[in-house]
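See below for the structure under consideration.
Just so it is clear, none of the values below were taken in a lab; they were calculated from the coordinates. Given the structure is predicted, the values throughout are model-derived calculations rather than measurements. Cβ placement follows ideal geometry from the backbone for every residue including glycine, while neighbour counts extend to all protein chains displayed.
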Amino acid sequence: MKISVIGAGYVGLTTAACLAQIGHEVFCSESDLDKLTKLQGGGMPIFEPHLEEVIKAVRKAERLRFGSTDEAIAWGDAIFICVGTPPLPNGDADLHAIEAVARSIAKRASGYRLIIEKSTVPVQTGAQLRKHLSVHSTNGLRYDVASNPEFLREGTSVEDFLHPDRIVIGVDSPRAADMLREIYEPITKQEFVCPIHSDCPKRKAPIFLATDTNSAELIKHASNSFLAMKISFINMVANLCEVVGADVTKVAEGMGLDPRIGAAFLNPGIGFGGFCFPKDVQAFIRIAEKSGCDFSLLKEVEKINQRRVEHFVEQVRNELWVLRGKKIAVWGLAFKPNTDDVRFAPSIALVKSLVDEGANVRAYDPEAMGKAKSVLPNITYCSNPYEAAEGADALLIVTEWDEFRNVDWERLRSTVERPLILDGRNALNAAEAASHGFHYFSVGRPPVLPGQAGSAAIGASAFVGADIRKESF
Ligand code: UDX
């Protein structure tokens, strides 16, 4: 099918590339001319595993083109709207880009088009789109509007698009439903050349859920808010574990064995970030408010998340006493591994708070330093983790990149001034850290000190009852 994708951000670029990968003829437009020129020149505006290779391959096969919005509007029988819906100061989603695209479509498109909202939008946006298109249509446009929320995660977006758990569509006509079924058929049948797994095993076909537009729009906000709630829940449990001397990893494991709870998204840490959870929780609170519902539960989820960084900085102060003049190494700036994205990353608030207290921060991230420099100008960026740890009074783990898990302990031990690690993502191996002379503090687990490596290996529960903190450095 001839498909257009308007907007080449994470969602648009992945959608365009993967729809071309499964066989469609795709035209992707971008209004940011620098980004468009980069894409037309074969460059990538974002770091996303597998995406560059997919784009290269489908462009070579002439199944993907980049160009202007007008060209995209003229091209596709189906038009996916994937423009940004950033948060407004009051927490509402900013829909002006969606409205602008709708107006262009109404003015320029003729004949039948299926217009599909894929950006994360508040409930009833589809209804607004329908009205807006009919008001501004001047070129004989006949159309259906559908909702098709995406659930892809940064860092695994290509895999999530091609091997989803479910495909959700919100439609108000059989024609729209049939077109979307046809668009996704290679994925629902898992019949496509997989760019990730050479021996891509026949996977479980995703559920294809067709519903009305309002429900589809709500599924997106509700899903992200629920996942954010799970994270805030386990972060509160982690705080409790720190006080009573329990091990949150064990608690999460025990909880997650119940399929009604599930183990996913029960990793405690310094809070959720990224361009989705924080803004989607805010937007959902606002949507509810405007509908007369006080979603106090989500307000707590947000508050708990906002307190994570301060809780972590307090632990740093507990160990370093005065932060002024201290050398602090920060490993990880991206909001999560396998992405270069620092939008709403906990690292931003954390580093700002350390710098405000006069600490001298040396940071390293495998991918995100370029993007971090514009928001964190007053720190030292290093070319590798050990350079960042040079002469450090403390090492903070902020993003759980695999590179950090494979740390060369000997080298690190000889590099730091003080063998002190505060792991905000429970990423490192406590026993190994202690066996190399480090004092190791993490989230929701008792600290592990040199000489306790053995007991660390058998699990923190061995410490229950003992007030370990008194023994810290
Ligand atoms: C999220 C949703 O997962 C995805 O379905 C949706 O389409 C977009 O938003 P993304 O923002 O890419 O995806 O990241 P995700 O992997 O969900 O992580 C979000 C944040 O939560 C990250 O900061 C991550 O570090 C944090 N997180 C995640 C935790 O703190 N604990 C967990 O157990 C899982």
Those GluC sites (Glu not before Pro) in the range 22-76 that DSSP places in a loop and that have at most 12 other beta carbons within 10 Å: Glu62
Roughly how many nanometres apart are two label points built 7 Å out from the Cα toward the Cβ at Ala222 and Asp258? 2.1
Of the listed pairs Lys131/Lys290; Lys38/Lys131; Lys250/Lys303; Lys56/Lys118, which have alpha-carbon separations greater than 27 Å here? Lys38/Lys131
Two-site FRET efficiency, Ser291 against Val243, from Cβ-Cβ distance with R₀ of 45 Å, rounded to 0.05: 0.75
Label-point separation (nm) for Lys299 and Ile207, each offset 7 Å from Cα along Cα-to-Cβ? 3.2
Can you spot the aspartates and glutamates whose alpha carbon is less than 13 Å from Lys352's alpha carbon? Ignore those fewer than 8 places along the same chain. Glu310
What's the ranking of 274-285, 31-42 by average number of surrounding C-beta atoms within 10 Å, highest first? 274-285, 31-42
What angle, in degrees between 0 and 90 and rounded to the nearest 10, separates the Cα long axis of helix 10-21 from the longest principal axis of the Cα atoms of the chain? 60
Between helix 277-290 and the chain: long-axis angle, C-alpha atoms, 0 to 90°, nearest 10: 60
By how many degrees, 0 to 90 and rounded to 10, does the Cα axis of helix 213-244 deviate from the longest principal axis of the chain? 0
What ranking do 5-16, 393-404 get when scored by the average of other Cβ atoms within 10 Å per residue, highest first? 5-16, 393-404
R0 = 35 Å: FRET efficiency of Asn318 with Arg166, Cβ-based, nearest 0.05? 0.20
Counting only helical runs of four or more DSSP H residues, what would the 222 nm mean residue ellipticity of the chain come to if each run contributes -39,500 (n - 2.57) and the total is spread over all its residues? -13000 deg cm²/dmol
For the pairs Lys35/Lys373; Lys189/Lys299; Lys327/Lys371; Lys2/Lys279, note any where the Cα-Cα span goes beyond 30 Å. Lys189/Lys299; Lys2/Lys279
Just to confirm the filter: which GluC sites (Glu not before Pro) across the range 185-265 are DSSP coil and have at most 14 other Cβ within 10 angstrom of their Cβ? Glu191
So the FRET efficiency between Asp402 and Thr138, C-beta based with R0 = 41 Å and rounded to 0.05, is 0.15
